[in-house]
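See below for the structure under consideration.
The values are calculated or read from the model by the stated rules, or taken from the named source; none is laboratory data. If you're wondering where the values come from, they're calculated on a predicted model, not measured in any experiment. So basically every Cβ, Gly included, is an ideal-geometry build from the backbone, and we count neighbours across all protein chains shown.
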Amino acid sequence: MKIRQVGGSLVVAILLCTAFAPLLHAKELNYGWPGPGSWTTLPFVVAGERGFFDREGVKVRMIAFRGTNLMLAALLAGEIDFGTYLPFFVGAAARGLPVKIVASLAKSGGYALIGRPEIQNVGALKGKKIGINSFGSSADFAAYMSVRGAGMDPNKDVTIVPMGGGTPDRLAAVASGAVDATVITSPGEYLAEKQGFKVLVPMKELAKLARIPLTGMAVTQKKIDKESDDILRVLRALRAATTLVQDQPEFGVSQFEKGMRLDRATAKEYYNLFRDQYNPDLSLPDSVIEELLAVGTFRAKEKEQIKVSVQAVRDWSFAEKARR
């Protein structure tokens, strides 16, 4: 009897250990991101809070980076396992660095162009200044395409001014008159309107002019070759979170309300605006990849003689497996 009792205890212990094995032995992974507060980063928050990473047997630490160059350096050094900022990593891959994008959590970009209260449309920016973070950035590309979409020449009809800093800094520059308009990440235009600024090109319109999804997953070729299971596990968790936000409106609205500090009515409005922009498929058409490649070359004085193939900068095999 004692042997049976001990045996039973061992069985129970083994079962308990097995049940909690994913939590006790979860692999720790580091993911570089810009931080919370955007609709594009909500799936990361949801995946953590709802236990989707735990379910896949991984412990994901989200590490905020203020600069894309720092994120790239950390990825190449192996200090982080994944990076989020797709336009920058596509550009890095196009320059021959051993990185690829393997997923996008959105179908298009999330920028809006706002201006001073007296400026009624993009055409009224002729002869005026538009503030951006830096030349060659996705925000620069969005500003460039906004001006071109209004039938003007971005190189002649406006002055695009690199200012550095984030949305608050550029809004302050617009308020002071240092620049007349700026590109901000949506839904920042909600707060901008409350402060009296004019939305010149809303996100939905700008997404058609510049299809540049910002947030997803970039990895090194070394990660693809040696630790591909990590990629698949995290992508499955992110896909589950993205699907939850997209398929359950009440939950999605509550996440918009909490994550972006919006009132309920505005959260509903923005959820309805962004809901279809989420991308549970995780992959993108090659035409969008070509636009991401254009972000890194549209200001180059001398275009590359050899066109970079889309296959050189993306690998959708993990997205395909995560959908199964």
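Considering only the stretch 73-88, I want to know if a residue exists there that is assigned to a loop (DSSP other than H, G, I, E, B) and among the hydrophobic types (A, V, I, L, M, F, W, C). Outline the logic, then answer.
Taking the stretch 73-88 first, the residues assigned to a loop (DSSP other than H, G, I, E, B) are 77-81.
Of the ones still in play, those that are also among the hydrophobic types (A, V, I, L, M, F, W, C) are 77, 80.
Yes: the stretch 73-88 contains one or more residues that are assigned to a loop (DSSP other than H, G, I, E, B) and among the hydrophobic types (A, V, I, L, M, F, W, C).
Suppose we keep only residues that are at pLDDT below 90 and among the small types (Gly, Ala, Ser) within the stretch 273-319. Which one would you say is farthest from the chain's Cα centre (by Cα)?
Only one residue tops the list, namely Ala300.
Listed here are the residues, each with its yes/no results for (1) farther than 24 Å from Thr182 by Cβ; (2) modelled with pLDDT of 95 or more; (3) crowded, with 19+ Cβ neighbours inside 10 Å.
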| site | (1), (2), (3) |
| --- | --- |
| Ala93 | yes, no, yes |
| Ala103 | yes, yes, yes |
| Ala112 | no, no, yes |
| Ile130 | no, yes, yes |
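Only one residue in Leu15, Leu42, Leu10, Leu23 is closer than 20 Å to Glu227 by Cα and either in a helix (DSSP H, G or I) or at pLDDT 90 or above (or both). Which one?
On the way: Leu15 fails: closer than 20 Å to Glu227 by Cα; Leu42 fails: closer than 20 Å to Glu227 by Cα; Leu10 fails: closer than 20 Å to Glu227 by Cα.
None of the other options fit; the residue is Leu23.
Test Ala173 against the stated conditions and say whether it is of a type outside the set (S, T, N, Q), modelled with pLDDT under 95 and assigned to a strand (DSSP E or B).
Values: of a type outside the set (S, T, N, Q): yes; modelled with pLDDT under 95: yes; assigned to a strand (DSSP E or B): no.
Answer is no for this residue.
Please list, ordered by first then second residue, the pairs with beta carbon atoms under 6 Å, 6 or more apart or interchain, first in the stretch 63-81 and farther than 18 Å from Gly166 by Cα, second at pLDDT below 95.
Close Cβ pairs satisfying both conditions: Leu72/Ala92.
Filter the stretch 64-78 down to the residues that are modelled with pLDDT of 95 or more and surrounded by 15 or more Cβ atoms within 10 Å (Cβ to Cβ) and list them by number.
The answer is Ala74, Leu75, Leu76.
All but one of (1) of a type outside the set (Gly, Ala, Ser); (2) free of Cβ contacts under 8 Å to residues at least 60 places away in the same chain; (3) assigned to a helix (DSSP H, G or I) hold for Ile289; which doesn't?
It fails just one condition, (2).
Every residue in the stretch 213-230 that is modelled with pLDDT of 95 or more, more than 11 Å from Val102 (Cα to Cα) and not in a helix (DSSP H, G or I), please.
Across the stretch 213-230, the qualifying residue is only Glu227.
Each row is one residue, and each column tells you yes or no for (1) in a loop (DSSP other than H, G, I, E, B); (2) touching a strand residue (DSSP E or B) at 6+ places or on another chain (Cβ under 9 Å); (3) assigned by TED's automatic domain parsing to the domain that holds Lys204.
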position	(1), (2), (3)
Gly91	no, no, no
Phe135	yes, yes, yes
Ala143	no, yes, yes
Val161	no, yes, yes
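Determine whether the stretch 251-259 contains at least one residue that is under 30 Å from Gly149 (Cα atoms), surrounded by 17 or more Cβ atoms within 10 Å (Cβ to Cβ) and of a type outside the set (Phe, Trp, Tyr).
Among the residues of the stretch 251-259, not one is under 30 Å from Gly149 (Cα atoms), surrounded by 17 or more Cβ atoms within 10 Å (Cβ to Cβ) and of a type outside the set (Phe, Trp, Tyr), which makes the answer no.
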